[in-house]
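Q: Attaching a single structure in structure tokens format; questions to follow.
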Amino acid sequence: MVVSGKGGTGKTMITANLGAVFAEKGKKVLLIDLDMGMRNLDLALGMESRVIYDILDILSGTCKVKQGILRDRYIGNLYMMPASQHPEMEKLTEESLRQLCERVCSKFDVVLLDCPAGMGAVVEMAAAVADQALVVTTPEYAALRDADSLDRMLARLGVSDRKCLINRIDPRLMKKGLIPSLEQIGQLLRTPIAGTVLLDDAIYIGTNNGRLVSVEKGTYIHRNFNKIADRILPADNQPYSNE
Ligand SMILES: Nc1ncnc2c1ncn2[C@@H]1O[C@H](COP(=O)(O)OP(=O)(O)OP(=O)(O)O)[C@@H](O)[C@H]1O
Ligand SMILES: [Mg+2]
């Protein structure tokens with residue numbers, strides 16, 4: 001599950017770009033948008049014009065699971081299940097999400113759940129089915145405090161494998177000491193840091209144009225996302241070194 005306390009920290013951007021990198025590494029990847037009513041993942045993947053069915057259509061039996069999953073046109077191993085824009089939330093329950101995840105987990109190597117911000121019911125449902133949580137935060141005290149509160153909630157809900165990712169770092173401000181340093185962030189958060197992502201126009205433009213910048217070879221973003229992916233996949237779990 002990809003989560004954050006504060007909204008807008010970059011969960012959807014990270015879900016799309018990390019998913020693309022896992023797929024590029026040969027994993028069969030499904031990205032599920034759980035942000036009901038605020039669907040964005042289709043836009044980040046450039047799939048918005050192809051969406052017909054969504055997760056609630058699958059859960060209500062309006063369509064088959066296969067019909068509600070879109071395949072990326074360029075990255076063959078990458079698939080996405082859209083959230084519903086017209087949420088009839090009673091169809092999404094812990095049990096229905098669990099059954100759906102059990103079904104898709106037998107067909108995919110990696111399933112990423114792009115969650116809504118905060119600590120609401122959908123996040124609790126996702127916590128009940130997820131093996132791992134990636135808490136996305138920005139280097140601001142408000143976002144860090146909210147990330148820590150969410151992390152404590154996830155711990156109470158039994159998600160023992162938790163990592164955080166610091167997104168939208170402006171190195172200029174960090175160097176000047178105007179935003180918390182990685183050392184300070186490490187002290188504020190209890191979970192290991194899976195990686196850092198810089199504030200970058202290429203990421204902003206990519207997300208807003210449905211382009212996955214993490215798979216553009218020869219760029220530092222490609223190398224960085226590959227390192228993050230290696231730290232997150234259980235087989236390649238490596239401690240974060242502050243390079
Ligand atoms: N590292 C980055 N550099 C530049 N822009 C970024 C970066 N990360 C995210 N953004 C931009 O920030 C905005 C919010 O990102 P995103 O939608 O992924 O956040 P979110 O956590 O999913 O938001 P929400 O809580 O609303 O679901 C987007 O316009 C995205 O392009
Ligand atoms: Mg989002």
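Each value in this text was obtained by applying a stated rule to the coordinates, not by laboratory testing. Values in this document were obtained by computation on a predicted structure and should not be read as measured data. All Cβ positions, even for glycine, are placed from backbone atoms using ideal geometry, and neighbour counts span all protein chains on display.
Q: Want the number for Gln187 to Tyr141: 0.36 nm per residue separation, take away the alpha-carbon distance, what's left? Provide the component values of the computation, followed by the final result.
A: Details: separation 46, 0.36 × 46 = 16.56 nm, distance 1.21 nm.
In short, 15.4 nm is gained.
Q: For segment 2-234, give the share of DSSP beta bridges that are antiparallel, in percent and rounded to the nearest 5; count only bridges with both residues there.
A: Details: 2 of 24 bridges.
Counting only bridges with both partners in segment 2-234, antiparallel ones make up about 10 percent.
Q: Next question, about the same structure. Amide H to amide H, which residues 5 or more places from Val197 or on other chains are under 5 Å from it, using H placed in the peptide plane?
A: Ile166, Asn167, Arg168, Ile169
Q: Pick out, from Leu150, Asn224, Val111, the residue whose Cα sits farthest towards the positive end of the charge dipole of the chain, with +1 on the Cβ of Lys and Arg and -1 on the Cβ of Asp and Glu.
A: Among Leu150, Asn224, Val111, the one farthest towards the positive end of the dipole of the chain is Asn224.
Q: Here's something else I'd like to know. Multiplying the sequence separation of Leu178 and Ser106 by 0.36 nm and subtracting their Cα-Cα distance, what value in nm do you get?
A: 21.2 nm
Q: Oh, and also: Taking the Cα centre of the chain as origin, sum charge times position over the Cβ atoms of Lys and Arg (+1) and Asp and Glu (-1), and report the length of that vector in debye to the nearest 20.
A: On the way: 30 positive and 30 negative charges, 102 e Å.
Taking the Cα centre of the chain as origin, the dipole is about 480 debye.
Q: Looking at the chain, what % of the alpha carbon pairs are farther apart than 34 Å?
A: Values: 3069 of 29403 pairs.
Cα-Cα pairs of the chain separated by over 34 Å account for 10 percent.
Q: Here's a follow-up. Report the charge-dipole magnitude of segment 1-72 in Debye, nearest 20, computed about the Cα centre from +1 at each Lys and Arg Cβ and -1 at each Asp and Glu Cβ. It would help to have the intermediate numbers written out before the result.
A: Values: 10 positive and 8 negative charges, 55 e Å.
The dipole magnitude comes to about 260 debye.
Q: Something else: Short version: ³J(HN,Hα) in whole Hz for each residue of segment 94-111, in order, from phi by Karplus 6.51 cos²θ - 1.76 cosθ + 1.60 (θ = phi - 60°), x for Gly and Pro, what are they?
A: 4, 5, 5, 5, 4, 4, 5, 5, 4, 5, 6, 5, 7, 10, 10, 7, 9, 10
Q: Test of understanding: what is the full-extension gain from Gln99 to Ala155, defined as 0.36 nm times their sequence separation minus their Cα-Cα distance? Display every interim value, and only then the final one.
A: Working: separation 56, 0.36 × 56 = 20.16 nm, distance 2.27 nm.
The Gln99-Ala155 span can extend by a further 17.9 nm.
Q: On to the next question. Taking a 32 Å limit on the Cα-Cα distance, which of the listed pairs Lys25/Lys176; Lys25/Lys163; Lys6/Lys175; Lys107/Lys227 fall beyond it?
A: Values: Lys25/Lys176 37 Å; Lys25/Lys163 21 Å; Lys6/Lys175 24 Å; Lys107/Lys227 25 Å.
Too far apart for the 32 Å limit: Lys25/Lys176.
Q: What chymotrypsin sites (Phe, Trp or Tyr not before Pro) does segment 50-116 have in DSSP loop regions with at most 13 other beta carbons within 10 Å?
A: Values: sites: Tyr53, Tyr74, Tyr79, Phe108; in loops: Tyr53, Tyr74, Phe108.
In loop regions of segment 50-116 (DSSP not H, G, I, E or B), the sparsely surrounded chymotrypsin sites (Phe, Trp or Tyr not before Pro) are Tyr74.
Q: Oh, and also: Rounded to whole Å, give me the distance from the Cα center of segment 1-30 to that of segment 187-214.
A: Rounded to whole Å, the Cα centres lie 10 Å apart.
Q: Obtain the nm distance between the two label points defined at Met38 and Met89 by a simple spin-label model: each point lies 7 Å from its Cα along the Cα-to-C-beta direction.
A: 1.2 nm
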